[in-house]
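Single-structure report; data block below.
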Amino acid sequence: MAEKSFKYVIVGGGVAAGYAAREFAKQGLKPGELAIISKEAVAPYERPALSKAYLFPEGFARLPGFHCCVGSGGERLLPQWYKEQGIELILSTEIVKADVAARTLLSAAGEVFKYDILIIATGSSVIRLTDFGVQGADSKNIFYLREIDDADKLIEAIKAKKNGKCVIVGGGYIGLELGAVMKMNNFDVSMVYPEPWCMPRLFTAAIAAFYEGYYATKGIQIIKGTVAVGFTADANGEVKDVKLKDGRVLEADIVVVGVGGRPLTTLFKGQVKEEKGGIKTDGFFKTSVPDVYAVGDVATFPMKLYGDIRRVEHVDHARKSAEQAVKAIKASEEGEPIDEYDYLPYFYSRSFDLSWQFYGDNVGDTVLFGDNNPTLPKPKFGSYWIKDGKIVGAFLEGGNPEENKAIAKIARLQPPVESLEELKNEGLSFACKI
């Protein structure tokens, strides 16, 4: 099969690819220089919509409404935009082999793509219960959510199993967001997770208590401290029961699993240096191999603010790292210097009428402020993390744009704290006066 050659190739067609394409166009690009190779059948889109508005029973989102870069308030890049910019979108194409020494990529269909500069933006894959040999985990109507196809299959099941029973396996981002949307779709929802509280990698026990309490007021049953060990299916092969380790059995018409993801680095194993589960990069997202960059979920990079190296799985970092890599590529071509990536960790979520934001690092002592009573009509509360006498992280539920900006600023500036008691009393006003 004939080879295709490009100056720049982005492998992966998710959020990072969309933002990288926009930055290339902004920096100056000749027609035919850039190709995006994606396993998915659609142009890059804002993935967070899949666990939120895409699944709403009313006023739901559909493509082309959430193509990149609307998620950050930018323009919507439709397939036509890529054509106008001379960017080749190579969709429904899975790369099965990469040879970075030869600067070639091979697709499942046998196509060969050559490049001068490569951006690895392959993202993550979901962890599946079938990976662990969980009995019955291959039954029908057990869903995972990563790509638009996954969401479409779930929507079909929601229609087919109208007003049925749903079990959510996992208490992280996907678990909490899907628990909410399945309840909004009028399902009887149970959530199951092994940890002592939800979102344990970020939430303190006090923060989690609010969300668990709020979900309970919506009629969602939360079962903690146990795991799904098996599923039984009916004569059609559709899931009907979830067996828990503690002996309980939950009826289920639909199961949604959200137990984490794995960075998709397999194509490049043994060809680039890896660290902390990702591809090791510098502050410009250059890997150990010249002219190969890695961005988003797959990149382990220097976290300048904290003097360590980390891998971050979040849409905000996917967007910003992609833009930084393109700026670095263009600066390098022009012999111009640019600043190293200086990222402030940022996470957010929305479910029901709730909306929270977190900035910084969740280490050290914590101070809870405001009222985290889940029965309040418009709850507003937050938390600070204090390490070595300085605020290093801040969380806020129910904040307005100015208040969210204030907690971001405080996490970046890391002001000193004299007294935790005084900080608790001042609460959000401490951030707003900085």
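The values are calculated or read from the model by the stated rules, or taken from the named source; none is laboratory data. Note that the coordinates shown come from a computational prediction; the quantities given were computed from them, not determined experimentally. Please note: Cβ atoms are built from the backbone with ideal geometry, for glycine as well, and neighbour counts cover all protein chains shown. Heavy atoms of the whole protein, side chains included, go into the accessibility calculation; ligands, DNA and RNA do not. Shrake-Rupley method; radii C 1.70, N 1.55, O 1.52, S 1.80 Å.
Do any residues in region 64-81 that are under 15 Å from Ala16 (Cα atoms) and open to solvent by 30 Å² or more (accessible area, probe 1.4 Å) have Cβ atoms under 7 Å from those of residues that are at pLDDT 95 or above and of a type outside the set (A, V, I, L, M, F, W, C), where the two are at least six apart or on different chains, and which pairs are they?
Listed by first residue and then by second, the contacts come to Val70/Glu46; Val70/Arg76; Gly71/Glu46; Gly71/Pro48; Ser72/Arg319; Arg76/Pro64; Arg76/His67.
Have a look at Tyr341, Tyr359, Tyr384 and point out the one that is part of a loop (DSSP other than H, G, I, E, B), buried (at least 19 other Cβ atoms within 10 Å of the Cβ) and not assigned by the TED database to the domain that holds Ser51. Give the derivation first.
Working: Tyr359 fails: part of a loop (DSSP other than H, G, I, E, B); Tyr384 fails: part of a loop (DSSP other than H, G, I, E, B).
Checking each option against the conditions leaves just Tyr341.
So which residues in region 387-401 are crowded, with 23+ Cβ neighbours inside 10 Å and in contact with an Asp or Glu (Cβ under 8 Å, 6 or more places away or on another chain)?
Correct list: Gly393, Leu396.
May I ask you to list the residues in region 232-265 that are of a type outside the set (A, V, I, L, M), within 10 Å of Lys140 (Cα to Cα) and in a strand (DSSP E or B)?
Glu238, Lys240 - these are the residues of region 232-265 that are of a type outside the set (A, V, I, L, M), within 10 Å of Lys140 (Cα to Cα) and in a strand (DSSP E or B).
So which of Ile117, Ile87 ends up being in contact with an Asp or Glu (Cβ under 6 Å, 6 or more places away or on another chain) and within 25 Å of Leu264 (Cα to Cα)?
That would be Ile117, the only listed residue that is in contact with an Asp or Glu (Cβ under 6 Å, 6 or more places away or on another chain) and within 25 Å of Leu264 (Cα to Cα).
So Ala318 passes all but one of these: (1) buried (at least 22 other Cβ atoms within 10 Å of the Cβ); (2) more than 19 Å from the chain's Cα centre (by Cα). Which condition number does it fail?
Result: Ala318 fails condition (2) only.
Restricting attention to region 204-231, and to residues there that are within 14 Å of Met191 (Cα to Cα), assigned to a strand (DSSP E or B) and of a type in the set (Val, Ile, Thr), which single residue is least open to solvent (accessible area, probe 1.4 Å)?
Result: Ile223.
Return the pair list, or none, for Cβ contacts closer than 6 Å from residues in region 272-290 that are open to solvent by 30 Å² or more (accessible area, probe 1.4 Å) to residues that are of a type in the set (Ser, Thr, Tyr), at least 6 apart or on different chains.
Hits for this filter: Lys273/Ser288; Glu275/Thr300; Lys276/Thr300; Lys280/Thr300; Lys286/Tyr293.
What pairs can you find where one residue is in region 249-266 and within 19 Å of Leu154 (Cα to Cα) and open to solvent by less than 30 Å² (accessible area, probe 1.4 Å), the other is part of a loop (DSSP other than H, G, I, E, B) and small (Gly, Ala, Ser), and their Cβ atoms are less than 7 Å apart, with a gap of 6+ or different chains?
These pairs meet every condition: Ile254/Gly164; Val257/Gly170; Gly258/Gly170; Gly258/Gly172.
Restricting attention to region 362-380, which residues are assigned to a loop (DSSP other than H, G, I, E, B) and among the hydroxyl-bearing types (Ser, Thr, Tyr)?
Within region 362-380, just Thr375 meets the criteria.
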